[in-house]
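Structure first, then comments.
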There are 2 protein chains.
Amino acid sequence: MNDYRAPLRDMAFVVKELLGLAQISRLPGFGDATDDLFDAIQEESARFSEGVLAPLNRSGDLEGAHLTEGVVHTAPGFKEAYDQFVTGGWNGLTGPTEFGGQGLPNLVGAPVEEMWHAANMAFTLCPLLTRGAVEAIRAAGTPELQARFLPAMVAGRWTGTMNLTEPQAGSDLAALRTRAVPEGDHYRITGQKIFITYGDQDFTENIVHLVLARLPDAPPGVKGISLFVVPKFLVRADGSPGERNDVRTVSLEHKLGIHGSPTCVLAYGDAGGAVGYLLGQPHCGLELMFIMMNAARFSVGVQGLAIADRAYQGALAYARERIQGVPVGMTERAPILHHPDVRRILSGIKARVEACRALAYHAGQMLDCAHAEPDPARRAAAQARSDLLTPIVKGFCTESGVWAANEAIQVYGGMGYIEETGAAQYLRDARITTIYEGTTAIQANDLVGRKLLRDGGAMVRALCQDVRDSLPGLRAAGVPESIPAALERAVLAAEKASTHLLASAAGHPGAVFGAGVPYLHLMGWLVSGWLMARSAEVAARALAAGTVETDFYRTKIATARFYAEHGMGQCDVLCATIVEGGASFDAMAAASF
Amino acid sequence: MNDYRAPLRDMAFVVKELLGLAQISRLPGFGDATDDLFDAIQEESARFSEGVLAPLNRSGDLEGAHLTEGVVHTAPGFKEAYDQFVTGGWNGLTGPTEFGGQGLPNLVGAPVEEMWHAANMAFTLCPLLTRGAVEAIRAAGTPELQARFLPAMVAGRWTGTMNLTEPQAGSDLAALRTRAVPEGDHYRITGQKIFITYGDQDFTENIVHLVLARLPDAPPGVKGISLFVVPKFLVRADGSPGERNDVRTVSLEHKLGIHGSPTCVLAYGDAGGAVGYLLGQPHCGLELMFIMMNAARFSVGVQGLAIADRAYQGALAYARERIQGVPVGMTERAPILHHPDVRRILSGIKARVEACRALAYHAGQMLDCAHAEPDPARRAAAQARSDLLTPIVKGFCTESGVWAANEAIQVYGGMGYIEETGAAQYLRDARITTIYEGTTAIQANDLVGRKLLRDGGAMVRALCQDVRDSLPGLRAAGVPESIPAALERAVLAAEKASTHLLASAAGHPGAVFGAGVPYLHLMGWLVSGWLMARSAEVAARALAAGTVETDFYRTKIATARFYAEHGMGQCDVLCATIVEGGASFDAMAAASF
């Protein structure tokens, strides 16, 4: 019942029919990304995810990772799976070609990553973090640093980590205390980092930590943070791992979920300081951190929808199998899928999964365009859209993942509460996604502060205009009218809320940032609802053109309609909360609690 | 940080000022329930809950209950706490006076029960189930059965369980297979029951199982179910436990939460049949089951708000202590309580807890009136209101509990995901409340089928009229206009949705029952929002009368306003989903998944 089946047809629909892989493969550098290659990769990835990663998901949860005498041992089977992962060339799928990667676009990489996360989220965190570290070294490393680290990291022979958090410095990086003192061509790093995902593992012969720290002359606050490359083993001239560096795993966290992923407390410099290499310029660590963080945020958004789909598949399988009661309108006992409320829950999750999938892949597509679009104006527009979408993808898809995993449990009734069923694990695993790589509130701060207010609403207006421009096409294709009607209300709500926040930022900053998460949700519903509406349009046109896949396309329309009629109404409420709820927000002062 | 403090002032506000304990204590049999007695009980209960039950909550989660050679061992400290519970006379607080109970009204019992659940939900499930069993035996037991079992059960010297579920019969009790064969003055019971909360324990010398089973001549379906009293040890003539009955604990479930509560698989009749005594008439077990079930449903609703409050208290304590970043509008680093989004989350949970508390206590009050009101018309009206409120309390308060526990984790950031913090346990524990004693969908079926449709909407109309009648008073008291405005919209939404469901029941039963859970939420927001509005009115009048507790009453108004402006908007969306979403619901046929 907890088998995972990659939803290949749904993925292909989004990539090829809704978003258009063909346009991406016309961009410089992405010529390989043809429909045929996509199909071949999808099939292979499905085989690997279903056959190798998924079967280790429950055992990884049960066994977890352990720390014995300073060494992390991952759950049984994880190392062998990682070996296969590297051998299969999966780690470098979207990695830079100059360091051995395949350089494929995110539009191809996102569905593959979705499969891995859905199959085994705890496992896939390891390559997720490696990828972020690769992006940072690629963006700012000297040629020498790149040559020393990137080939092994792109191949996955070495993994990467992100070391940001310290006990007193979580969301508030200004409070960082880890220090870096120059010594010849390197630095000596001293300090303690917590919540380090795959901070140690037994997969690979080396681990490359990217560590935020302060130089002795650093100004206070976030403008005094620098980023360092700190390998677990120093690298010899021949490229092989040599002497052990001064970094030690102190403990592993005992977490609600993702037990298969070792979350480490790392101590740097117990024996005089770990050797580290400055990445980029001194005191410019925050900017670089955002490069790796944004890559990770996008991936965590994919993770959110992946776990939602996995939870959906489990609940659906149970609902098809479990016979209970005589459903309304039937005369005999039947699988609970026929009970109205079970159908309502599954419809809601299915629609949300598909909406989040479209949203996340679209964001990946915008990243591709921002990277490869030759026309400067189009490239800039894609970059702006990508910047706008990143916090929305991260926030909305992960909140959707937690919501979906929670809803899915309800389908099982009492069995959902029993760990053996597996449904509870999805909720426990999903629950971290709205927290790490920046909580939903941090995403909302980014969205409101850097994306909405900073440019006076220009990026948001451009998005809303694109939504409006799509309305005639939707109606011309003959999708059910509730779909464009809901979208029109949603864009109005988004415009109204945006205008209000822009107007209130100076006078009521507290209420504006207090409305950040509702605003993020509103934008999430808007963009995902827009893509669902366009899915319905694509499907309506396919049906009009006489496709043989009538059931598939009719269901696409029905799902988009369900999303419009049972989901998109949230936009009005969120708008009202944002626009009319400021005074009651202010009234709940700190003394009220 | 995980201390529990009973919110005595808030509880007293609801019981005395909002609902009016004085009116209940005027009813026959409730004369003892004075304000003074209430205060005294509250203080004692707080001391016991905070000092004895709460400190065992985390250790109970970690240690759990274990089955060794057929015997259940509860977590360390649980038995001693239970002894204190019984010695303190807590078990019989609302129990029947003729069997040693104190016969106090539910309006007094509900806040006490809230404290126990908030302090230690896994522990308190044991008396919760005992109470349901007491109600059933009291309602239908022969004088001899009552005399044999009730004194020990009311005192808590013996506990009670509810044995409904079988592997093939969960929500669908028609599928029950457990059999009862007559043998002299008793029956022999054979079958397997699962999910039996406290099906075995080491607290007491006997356990009284209430078991649904079929007689040999039983008609099929739910009309062939009878209810039996099956003690773990047969009772001797002198009332002491004698020979072991033929019931055996096969295993304990491995659950997401409530680890301190042993959830048993029980086998009846491995050695020829357990001795059981028929309760009430043959084939009338379903009706009796509803008596104990309704008592349990009310209590589980209280549990939902209790766990929400416990989660709130933990998150608030963390938010007051954890310093991180410089909040918007401030110039120095400050506790995260000052960050707008943390304040938004805590405001939302606080308002929902208070709304659910008012809703649950009000339902308790209606139970009291239905029991003791001497005027037949008023008694009938109270019974109808109580019947209407039970599924709403169970469904809405437990869904709120899960929601609140999930939101609370977000306040902690990464620390919320670490089990040592304690926040994750509240979510794991809360997650069962929307499932057991009837899932939210089962509550919604009850609400729509038995409470709305059966009387053609009369009960709902009476409720809506009461809400409408309260509007002038709210406005006269000068509460912020958004409060009555939101309530007016909510009652309109409830009326519109009710009318739609009544009109559609015959033609589109699937869509009607598919709208059940949204309808339950709508009614939950309506009734809780009504009580919050009336809280604001009480507070406004107290302020106008020159109370010295100005901060307390101002916060009551601010909280009600926050609920109105940031919560009640859901009513419009839910109404739209119900009224306009039927076709898209139907379109998602079983083949769509």
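The values are calculated or read from the model by the stated rules, or taken from the named source; none is laboratory data. All of these numbers come straight from a predicted model, not from anything done at the bench. No Cβ is skipped: glycine too gets one built from the backbone with ideal geometry, and neighbour counts run over all protein chains shown.
Here are some notes:
- Flag if B:Gly239 is of a type in the set (Gly, Ala, Ser), outside any strand (DSSP E or B) and under 30 Å from A:Ile409 (Cα atoms): no
- Complete set of residues in the stretch A:156-175 that are more than 12 Å from chain B (Cβ to nearest Cβ) and either in contact with a helix residue (DSSP H, G or I) (Cβ under 9 Å, 6 or more places away or on another chain) or surrounded by fewer than 20 Cβ atoms within 10 Å (Cβ to Cβ) (or both): A:Gly156, A:Arg157, A:Trp158, A:Thr159, A:Gly160, A:Thr161, A:Met162
- Candidate set from the stretch A:475-516 (those that are small (Gly, Ala, Ser) and not in a helix (DSSP H, G or I)); member that is farthest from the other protein chains (Cβ to nearest Cβ): A:Ala477
- Just one of the listed residues (A:Ala424, A:Ala384, A:Ala430, A:Ala405) is outside the structural domain of A:Leu463 (by TED's automatic domain parsing), touching a strand residue (DSSP E or B) at 6+ places or on another chain (Cβ under 8 Å) and in contact (Cβ under 8 Å) with a residue 12 or more places away in the chain, and it is A:Ala424.
- If the condition is being surrounded by fewer than 23 Cβ atoms within 10 Å (Cβ to Cβ) and facing another protein chain (nearest Cβ under 9 Å), then the stretch A:568-581 contributes A:Gln570, A:Asp572, A:Val573, A:Ala576, A:Glu580.
- Taking the stretch A:176-187 as the range and being of a type outside the set (A, V, I, L, M, F, W, C) and surrounded by 20 or more Cβ atoms within 10 Å (Cβ to Cβ) as the test, the residues that pass are A:Thr178, A:Tyr187.
- Identity of the residue in the stretch B:303-329, of a type in the set (Val, Ile, Thr) and touching a Gly at 6+ places or on another chain (Cβ under 8 Å), that ends up surrounded by the fewest Cβ atoms within 10 Å (Cβ to Cβ): B:Val328
- Across the stretch B:379-424, the qualifying residues are those that are facing another protein chain (nearest Cβ under 9 Å) and of a type in the set (S, T, N, Q), and the one among them that is nearest to the chain's Cα centre (by Cα) is B:Asn406.
- On inspection, A:Arg428 passes the criterion of being basic (Lys, Arg) and at the interface with chain B (Cβ under 10 Å from one of its Cβ atoms).
- Sole residue being in a loop (DSSP other than H, G, I, E, B) and more than 22 Å from the chain's Cα centre (by Cα), chosen from A:Pro76, A:Pro55: A:Pro76
- Residue match in the stretch B:532-550 (condition: surrounded by fewer than 24 Cβ atoms within 10 Å (Cβ to Cβ), within 29 Å of the chain's Cα centre (by Cα) and within 11 Å of another protein chain (Cβ to nearest Cβ)): no
- Among the candidates B:Ala306, B:Ala319, B:Ala296, residue that is small (Gly, Ala, Ser), facing chain A (nearest Cβ under 9 Å) and in a helix (DSSP H, G or I): B:Ala319
- Residue match in the stretch B:302-321 (condition: under 30 Å from B:Gly132 (Cα atoms) and at pLDDT below 95): no
- Evaluation of A:Gly449 against (1) more than 10 Å from chain B (Cβ to nearest Cβ); (2) of a type in the set (Gly, Ala, Ser); (3) closer than 18 Å to A:Ala384 by Cα; (4) surrounded by fewer than 24 Cβ atoms within 10 Å (Cβ to Cβ) (one fails), failing number: (1)
- Test: residue in the stretch B:323-341 that is in contact (Cβ under 8 Å) with a residue 60 or more places away in the chain, assigned to a helix (DSSP H, G or I) and facing another protein chain (nearest Cβ under 8 Å): no
- Selection of the stretch B:258-299 for residues being among the charged types (D, E, K, R), at pLDDT 95 or above and closer than 19 Å to B:Val222 by Cβ yields only B:Arg297.
- Subset of the stretch B:176-201 [of a type in the set (A, V, I, L, M, F, W, C) and within 14 Å of chain A (Cβ to nearest Cβ)]: B:Leu176, B:Ile194, B:Phe195, B:Ile196
- Out of B:Leu278, B:Leu227, one residue alone is touching a helix residue (DSSP H, G or I) at 6+ places or on another chain (Cβ under 6 Å) and in a strand (DSSP E or B). It is B:Leu227.
- Single match in A:Tyr563, A:Tyr519, A:Tyr553 (criterion: closer than 30 Å to B:Ile483 by Cβ, outside any loop (DSSP other than H, G, I, E, B), among the aromatic types (Phe, Trp, Tyr) and more than 8 Å from chain B (Cβ to nearest Cβ)): A:Tyr519
- Flag if A:Thr204 is outside the structural domain of A:Ala139 (by TED's automatic domain parsing) and part of a loop (DSSP other than H, G, I, E, B): yes
- The conditions of being over 20 Å from A:Arg428 (Cβ atoms) and either buried (at least 19 other Cβ atoms within 10 Å of the Cβ) or not assigned by TED's automatic domain parsing to the domain that holds A:Thr197 (or both) are met by A:Leu67.
- Restricting the stretch A:502-528 to residues that are over 12 Å from A:Thr577 (Cα atoms) and among the aliphatic types (A, V, I, L, M), the residue that is surrounded by the most Cβ atoms within 10 Å (Cβ to Cβ): A:Met523
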